[in-house]
Number of protein chains: 2
Amino acid sequence: MQRWNGWGDESITYALSEDALAFLGERLGPGSAIADATFDDACAQVPASRLAPHPLIDTLPATRVRHALGQSLPDWFKLRHGRIGAVPDGVAFPDSALQVRQLLAYARQACVAVIPHGGGTSVAGHLTVAAGPRPVLALSLVRLCALGHLDREAQLATFGAGVYGPDLEAQLRAHGYTLGHYPQSFEYSTLGGWIATRSSGQQSLRYGRIEQLFAGGEVETPAGTLSIPTFPASAAGIDLREMVLGSEGRLGILTQATVRVSPLPPYEAFHAVFFADWGQAQAAVRTLAQSRLPLCMLRLSNALETQTMLTLAGHKKLVGLLERYLSLRGCGEGKCMLMLGVSGEAGPARAALRGALALARRHKGVHVGRHMGDKWKQGRFRNVYLRNGAWEHGYVIDTVETAVDWPRVAPMMAALEQAGTKALAQHGEQVHAYTHLSHVYAQGASVYTTYVYRLAATFEENMARWRALKDAASAAIVANGGTISHQHGVGTDHAPWLAAEKGELGIAAMRALLRQFDPQGMMNPGKLLPEAGGGL
Amino acid sequence: MQRWNGWGDESITYALSEDALAFLGERLGPGSAIADATFDDACAQVPASRLAPHPLIDTLPATRVRHALGQSLPDWFKLRHGRIGAVPDGVAFPDSALQVRQLLAYARQACVAVIPHGGGTSVAGHLTVAAGPRPVLALSLVRLCALGHLDREAQLATFGAGVYGPDLEAQLRAHGYTLGHYPQSFEYSTLGGWIATRSSGQQSLRYGRIEQLFAGGEVETPAGTLSIPTFPASAAGIDLREMVLGSEGRLGILTQATVRVSPLPPYEAFHAVFFADWGQAQAAVRTLAQSRLPLCMLRLSNALETQTMLTLAGHKKLVGLLERYLSLRGCGEGKCMLMLGVSGEAGPARAALRGALALARRHKGVHVGRHMGDKWKQGRFRNVYLRNGAWEHGYVIDTVETAVDWPRVAPMMAALEQAGTKALAQHGEQVHAYTHLSHVYAQGASVYTTYVYRLAATFEENMARWRALKDAASAAIVANGGTISHQHGVGTDHAPWLAAEKGELGIAAMRALLRQFDPQGMMNPGKLLPEAGGGL
């Protein structure tokens, strides 16, 4: 059963070891858990639905609570403190494009706002229900989840857009194919959500971002159906896919998507390499990214993240041995861990690995073999559960991410960590802030900073701390020339910062485009762009 | 000096050999040249400019004639028959974004339509001047041609958007870099033109299409300046670059573009491989495209194109020897030539070449070594001159191109060749039609068909033949699920076919977007989308 107020499946826990707790306690002070509100408490708060009965709409409080919020920290605070606020008036689970069209027609006629709902894993407020006079319908796509057509010759697969990551991969694997798109949220996020928010997967270095994988599809909009045919490439004016990518539910509902798939790679391996300091590590990873070596992943942790991961891993003895070895090889306190991966036919993949390791050696990288890489792969979707584990001990974990060109990477990393630390100092709290480059490109990298700090006793103080940190980090992103999101999207939380990179004219153009598909402004209002008249 | 009524530099000719002429004569009948109109004839037709004197605008007839048309076949007919039709009322050569803004302000105030002009190589009517009451200003970008900034760390170079291909590469080469974008028009086309029309270069397999190379820039629009910052990737809503790519001058004028560059490859080689028939050849090139081998080019000619190229090459003895050898190896009449290229560090490039040749062998490909590849590279920008050479003997050469997913490639090729043949049969003329796949992708390929047929004596008959062939080929593209352009853009010539792939809703969305930047419709009216009110 999926947790209603945290990440993932209820049967899976991520227990923090004594050492891990000591590590956090030392840096942040002792944590105090709060008493979570119960699901029944939450349901009891739900007001009567304002929607007239409709055969496709479920208005049970339990269903509405489960579709009210995403996975951002303020969403968690609302759930855990039992302050869930506005919830949708109903949830529909259409099982065809026709039903989606019927629901949109109903919503238009009844002046109901529609929030498209995929896996509900947004960490940027994409699912937030605005309080107000307009009723709200959450439209879940999860019943649209089948592989409809697989074209082996063109390597294209057509899916219902509500398909979850694991179900998508299972259906492809049965035919020998993979999409290869593995965001951290993979287990609970959907294809349609990936496309609507411009998601990026951990192995995007091989498979590309979702922008490169999305070949065409069907979008139900208030103005009609937008059908986007598949072409390998086109110079026929403006690319309609690019109107859907990043539209965050504002122009309509993607019901079906055709994606570019690949044969399952017969060989895959992840290896860890350590560097003595950030300077060496960043130079190495940049050279690797610019080398055009066919790798599938490059993920570089800074010194504090490396230390944190080694501590949280729990294998104290093994880590001790590793650290003694690394220390002998010149990688001491400031050491940074690079995880690199290769996928594909065994011959070329091994050749790429050899090439990458040789290049890392030229930058004084110390290769420690495959064991840590295998562990990383095993645990790649388990790490998210750390948020639950930390919470139980009174600590919260939040993340902020951006992308910048290479000359701005190190300043951005420093600015993000300092912004968080400074923001919570005003609340008398310490922050344990660490960073990795989650995706690298020839041009630059994503910069992904994690903040761990103490949970407060009250909802108000928790929200105030989050707001202070979010504002400071977002301001640092803008000041250091980053995009407000590399992989999480805009939602409500990043919307105030979007104009800094798009400009007034760019914002106006986005607005004009959305209005064309949704003249009444009924689709996911307030997300991506603040509602017209509300600033900007 | 650049030819005013044909391709390229006046000092360069492409003489057809006796054998080549016999080859064409046999298939098409004898050609008859026409007497070309002179440049003075053309200038004498130019009416007085309707523009008030302006210090930045040149209204000399010679300048206006040289900016009136592009390189499409109807453009040539207009020039050669001395029937140039409407010309711009003046041509401006701004040397700064400020001057571009001043010119747009002037045009807006004076109700003047503006046609942005790069290298003037459009083959789709992007530069056509509409006859009518509204004066027209051609705005040439060629003075904006300098490398402004080179960021070696992020591998980004910022250029004035009017820079010609060779000048762009020369400025980069001085620093050890390349963009690697080589459309057939390279010598006379510009960076801004490539971006505005979604151009693709011959080595896009390595470097990517212009969409992948364009990182950001500055666009002067009637509604203001759109500044697009550079990020390696972003999930921040709709990508503004994608509004500019393929906008064909309709939303404003790109004055400056930042592009992703690469270190000059130390090694580059092109090799030829022959296959016995199309089936084997297409299967091989598809497998190569889907293999992820790091090649820089794959270009596959069908049997008739192979035969035509070998005949036109002129080296009768050498070709005879080659054909005897190929025949012994099983490649006879139906043989198809694949040109494949590798670029980069010598080690990995040679490894990729070995891998590709091994794969081709498994598909019964016969490798004939590097000589033909070297010849191809030497002549890659000379082949275009064949259009001039053929014209002088009374033959015209036209091309049509699209892109489709792999299952549609062979039917599309057959349909395009047949459409041309059938269309001109109604005019009592033969067509020599042959095809190559100019760009291949895992998903499919571009299909590029060349039509050679006889020049008629009159302008009217030439235009009628062109129109018949263009309409038939465009209808075949639509009927067979292709995009109306893979690399030439839409312009005026493809605009009537665009709705077939975009849908009414897609066309309306493009229109809404353009209107936001250009509310008066002053930018390149009639291109990409027909003027509002004139149907879709």
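Every read-out reported here was derived from the displayed coordinates using simple, explicitly stated rules and does not represent laboratory data. Please read all numbers here as calculations on a predicted model, not as lab measurements. Cβ coordinates were reconstructed from backbone atoms using ideal geometry, including for glycine residues, and neighbour counts include every protein chain displayed.
Kindly express, to the nearest 10 degrees and within the range 0 to 90, the angle between helix B:409-425's C-alpha long axis and the longest C-alpha principal axis of chain B.
With rounding to tens, the tilt is 70 degrees.
As I understand it, the value is the acute angle between the Cα axis of helix B:316-328 and the longest principal axis of the Cα atoms of chain B; what does it come to in degrees, rounded to 10?
For B:316-328 against chain B, the angle is about 60 degrees.
Using a 10 Å cut-off on Cβ to Cβ distances, tally the other chain neighbours for every residue of A:500-512 and report the average as a whole number.
Working: counts 2, 8, 9, 7, 3, 11, 8, 2, 5, 13, 6, 1, 7.
If you average over the peptide's residues, the count of other-chain Cβ atoms is 6.
Work out how much length residue A:227 to residue A:146 would gain on full extension: take 0.36 nm times their residue separation and subtract the Cα-Cα distance, in nm to one decimal.
On the way: separation 81, 0.36 × 81 = 29.16 nm, distance 1.86 nm.
So the extension gain works out to 27.3 nm.
Using modelled amide H (1.01 Å from N, peptide plane; none on Pro or chain starts), what sits under 5 Å from the amide H of residue A:498, excluding residues fewer than 5 places away?
For residue A:498, no residues qualify.
Can you tell me what share of the DSSP beta bridges in the protein assembly as shown is antiparallel? A percent to the nearest 5 is fine.
Numbers: 121 of 139 bridges.
Beta bridges within the protein assembly as shown, antiparallel portion: roughly 85 percent.
When the Karplus curve 6.51 cos²θ - 1.76 cosθ + 1.60 is applied with θ = phi - 60°, which whole-Hz ³J(HN,Hα) does each residue of the stretch B:377-393 get, with x for Gly and Pro?
4, 4, x, 4, 9, 8, 4, 4, 5, 4, 4, 5, x, 5, 3, 4, 9
Quick one: which residues, 5 or more positions from residue B:261 or on another chain, have an amide H under 5 Å from its amide H? H modelled 1.01 Å from N in the peptide plane, none for Pro or chain starts.
The list, which skips near neighbours in sequence, is B:156, B:157.
May I ask you to evaluate 6.51 cos²θ - 1.76 cosθ + 1.60, the Karplus curve with θ = phi - 60°, for each residue of the stretch A:101-112 and list the ³J(HN,Hα) values in order in whole Hz, giving x for glycine and proline?
Those phi angles translate into 4, 4, 5, 5, 5, 4, 5, 5, 5, 8, 6, 10 Hz.
Rounded to the nearest Å, what's the spacing between the alpha carbon centres of the stretch A:274-314 and the stretch B:172-193? Just the number, please.
34
Neighbouring Cβ atoms within 10 Å as the yardstick, rank A:451, A:106 fewest first.
Details: A:451 26, A:106 18.
Listing A:451, A:106 from fewest to most nearby Cβ atoms yields A:106, A:451.
Quick one: Karplus J couplings for the stretch A:18-29, per residue in order, coefficients 6.51, -1.76, 1.60, θ = phi - 60°, nearest Hz, x for Gly and Pro?
Result, ordered by residue: 4, 5, 5, 5, 4, 4, 6, x, 4, 8, 10, x Hz.
May I ask for the net charge around residue B:119, where only other residues with Cβ less than 11 Å from the Cβ of residue B:119 are counted and Lys, Arg are +1 while Asp, Glu are -1?
Details: positive: none; negative: B:167, B:187.
Value of the local net charge: -2.
Suppose you put the label 7 Å out from Cα in the Cβ direction; list, shortest first and in nm with one decimal, how far residue B:320 is from each other copy's label.
8.5
Suppose R0 equals 35 Å. What FRET efficiency, 1/(1 + (r/R0)^6) with r the Cβ-Cβ distance, do residue B:17 and residue B:471 give to the nearest 0.05? Provide the component values of the computation, followed by the final result.
On the way: r = 34 Å, r/R0 = 0.96.
After rounding to 0.05, the efficiency reads 0.55.
By count of other Cβ within 10 Å, fewest leading, how are B:345, A:10 ordered? Let's see the in-between values first.
On the way: B:345 16, A:10 11.
In order of increasing Cβ crowding within 10 Å: A:10, B:345.
Note the distances from residue B:132 to each other copy's matching label point, with points 7 Å along the Cα-to-beta-carbon direction, in nm, sorted shortest first.
Reported distances to equivalent positions: 4.0 nm.
How far, in degrees from 0 to 90, does helix A:278-290 lean away from the longest principal axis of the Cα atoms of chain A, to the nearest 10?
For A:278-290 against chain A, the angle is about 60 degrees.
Tell me which B residue has its C-beta closest to the axis rotating B onto A, and the distance in Å?
B:242, 2
Along the Cα-to-C-beta direction of residue A:315, a point sits 7 Å from the Cα; which residues of the stretch A:273-298 have their amide N less than 18 Å from that point?
Answer for this model: A:273-274.
For the protein assembly as shown, with only Lys/Arg (+1) and Asp/Glu (-1) charged at the beta-carbon, what is the dipole magnitude about the Cα centre, in debye rounded to 20? Display every interim value, and only then the final one.
Working: 98 positive and 88 negative charges, 389 e Å.
It comes to approximately 1860 debye.
For residue A:212 and residue A:95 in one chain, what is 0.36 nm times their gap in residues minus the Cα-Cα distance, to one decimal in nm?
Values: separation 117, 0.36 × 117 = 42.12 nm, distance 2.71 nm.
Residue separation times 0.36 nm, minus the Cα-Cα distance, leaves 39.4 nm.
Please average, across the residues of B:147-155, the number of beta carbons from any other chain that are within 10 Å of each residue's own beta carbon, and give a whole number.
Numbers: counts 0, 0, 0, 0, 5, 2, 10, 12, 9.
Averaged over the peptide's residues, the number is 4.
If you count, for each residue, the other Cβ atoms within 10 Å and average over each peptide, how do A:23-30, B:409-416, A:175-182 line up from highest to lowest? Don't skip to the answer; put the middle values down first.
Details: A:23-30: 15.9, B:409-416: 21.8, A:175-182: 19.9.
Order by mean packing, descending: B:409-416, A:175-182, A:23-30.
How many angstrom lie between the Cα centre of the stretch A:1-68 and the Cα centre of the stretch B:351-392?
So the separation of the two Cα centres works out to 62 Å.
Mind giving me the FRET efficiency for residue B:354 and residue A:504? R0 is 56 Å, r the Cβ-Cβ distance, nearest 0.05 is fine.
Values: r = 54 Å, r/R0 = 0.96.
Given R0 = 56 Å and the Cβ-Cβ separation, E is 0.55.
Using the Cα gyration tensor of the stretch A:267-380, with a ≥ b ≥ c the square roots of its eigenvalues, what is the shape: rounded (a/c below 1.5), prolate (a/b larger than b/c) or oblate (neither)? Spell out each step's value before the answer.
Details: a/c = 1.94, a/b = 1.35, b/c = 1.44.
Since a/c reaches 1.5 but b/c is at least a/b, the shape of the stretch A:267-380 is classed as oblate.
Work through the residues other than residue A:88 whose Cβ is under 15 Å from its Cβ and net out their charges, Lys, Arg +1 and Asp, Glu -1.
Details: positive: A:50, A:64, A:66, A:78, A:134, A:527; negative: A:58, A:75, A:89.
Surrounding charge for residue A:88 is +3.
Quickly rank A:62-75, A:418-431 as a protection proxy: mean count of other C-beta atoms within 10 Å, highest first.
Numbers: A:62-75: 22.5, A:418-431: 17.9.
Answer by packing, highest mean first, reads A:62-75, A:418-431.
Once you put a point 7 Å from the Cα of residue A:58 and another 7 Å from the Cα of residue B:422, both along the Cβ direction, what distance in nm separates them?
Rounded to a tenth, the inter-label distance reads 5.3 nm.
In a shell of Cβ-Cβ distance under 11 Å around residue B:6, excluding residue B:6 itself, what net charge do Lys and Arg (+1) and Asp and Glu (-1) give?
On the way: positive: B:3, B:80, B:387; negative: B:9, B:10, B:36, B:75, B:392.
Net charge around residue B:6: -2.
Non-local amide H neighbours of residue B:221 (under 5 Å, H modeled in plane, Pro and chain starts lacking H): which ones?
B:226, B:253
Find every distance from the label point of residue A:267 to the corresponding label point in the other copies (7 Å from Cα along Cα→Cβ) and write them in nm, one decimal, shortest first.
Copy-to-copy label distances at residue A:267, shortest first: 1.9 nm.
Give me the dipole magnitude in Debye, nearest 20, for the stretch B:1-159 about the Cα centre, with unit charges on the beta carbon: positive for Lys and Arg, negative for Asp and Glu. Before the final figure, lay out each step's value.
On the way: 13 positive and 14 negative charges, 152 e Å.
Charge dipole of the stretch B:1-159: 720 debye, to the nearest 20.
Using the beta-carbon distance between residue A:328 and residue A:41 and R0 = 45 Å, what value does 1/(1 + (r/R0)^6) give for FRET efficiency, to the nearest 0.05? Working shown, then result.
Details: r = 56 Å, r/R0 = 1.24.
Approximately 0.20, to the nearest 0.05.
Determine which lysines satisfy two conditions relative to residue A:422: a Cα distance under 30 Å, and not lying fewer than 8 residues away in the same chain.
Answer for residue A:422, where 30 Å is the Cα cut-off: A:78, A:335, A:470, A:502, A:527, listed by chain and number.
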